[in-house]
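A short write-up of the structure that comes next.
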Amino acid sequence: MKVELVRVDDGFHFEARGSSEAIVHTDASPNIGGQNAGVRPMELLLMGLGSCSAIDVVLVLKKQRQEILDFRISVEGERVKEEDTERSPFRNVKIHYFFKGNLDPAKVERAVKLSMEKYCSATAQFEPLAQITHEITIEA
């Protein structure tokens, strides 16, 4: 896998592109000179984790013939500053899955568990450094 970033301005705004050719804009916060023209890199990591799991969950629920009327995910990461560095990696990540539809709660739980433990490569990437927990809410 390969991605390419191209600087857009004289600040921190970049266009990133991977094999899909879709463009993702990244930028830094205004307090260091960014213009809010894109997502922050650490936000992008959480978006990637949520997206990876979302795809898995939808695939599993479709195979189980579950009707998803609405689905969203909230991913919240807690960062902890590493001593003697400027780095602040995620140490705790909570994923909250929100569903609407006529869904079997056991099938939803199984789909999420499969994503977390078997399918999601982003989860595997995070696990050595961060504790990942999840919660599920289903509305009819």
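The values are calculated or read from the model by the stated rules, or taken from the named source; none is laboratory data. Owing to the predicted nature of the structure, the values given are computational and were not obtained by experimental measurement. Virtual Cβ from ideal backbone geometry, glycine too; neighbours counted across all protein chains shown.
Among the conditions (1) closer than 30 Å to Gly11 by Cβ; (2) surrounded by 15 or more Cβ atoms within 10 Å (Cβ to Cβ); (3) out of contact with any Gly (no Cβ under 6 Å at 6 or more places or on another chain), the only one that Gln66 does not satisfy is (1). Taken residue by residue, region 116-125 has no member that is over 17 Å from Leu61 (Cα atoms), part of a strand (DSSP E or B) and not hydrophobic (A, V, I, L, M, F, W, C).
Count of region 1-25 residues, restricted to those that are within 21 Å of the chain's Cα centre (by Cα), closer than 26 Å to Arg79 by Cβ and outside any loop (DSSP other than H, G, I, E, B), is 6. With respect to the conditions (1) of a type outside the set (Asp, Glu); (2) within 15 Å of the chain's Cα centre (by Cα); (3) outside the structural domain of Ser121 (by TED's automatic domain parsing); (4) not in a strand (DSSP E or B), Ala28 falls short on a single one, namely (2). Any chance you could count how many residues in region 114-135 are more than 18 Å from Met47 (Cα to Cα) and surrounded by 15 or more Cβ atoms within 10 Å (Cβ to Cβ)? Residues flagged as more than 18 Å from Met47 (Cα to Cα) and surrounded by 15 or more Cβ atoms within 10 Å (Cβ to Cβ) within region 114-135 amount to 1. There is no residue in region 10-19 that is loosely packed, with under 15 Cβ neighbours inside 10 Å, closer than 14 Å to Tyr97 by Cβ and of a type in the set (Gly, Ala, Ser). Of the residues screened, Ser53 is one that is in the same structural domain as Met116 (by TED's automatic domain parsing), surrounded by 15 or more Cβ atoms within 10 Å (Cβ to Cβ), of a type in the set (Ser, Thr, Tyr) and modelled with pLDDT of 95 or more.
Filtering Val93, Val60 for residues that are free of Cβ contacts under 8 Å to residues at least 60 places away in the same chain, touching a helix residue (DSSP H, G or I) at 6+ places or on another chain (Cβ under 7 Å) and not in a helix (DSSP H, G or I) leaves a single hit, Val93. Figure legend. Inter-residue proximity from region 105-125: first residues at negative phi, second residues outside any helix (DSSP H, G or I) and of a type in the set (S, T, N, Q), beta-carbon distance below 6 Å, spacing 6+ or different chains. Indicated pairs: Lys107/Gln64; Lys107/Gln66. Checked against (1) in the same structural domain as Met116 (by TED's automatic domain parsing); (2) farther than 24 Å from Gln131 by Cα, Phe14 meets all criteria but (1). Of all the numbered requirements in (1) of a type in the set (A, V, I, L, M, F, W, C); (2) under 19 Å from Gln125 (Cα atoms); (3) outside any loop (DSSP other than H, G, I, E, B), Phe98 misses one, and that requirement is (2).
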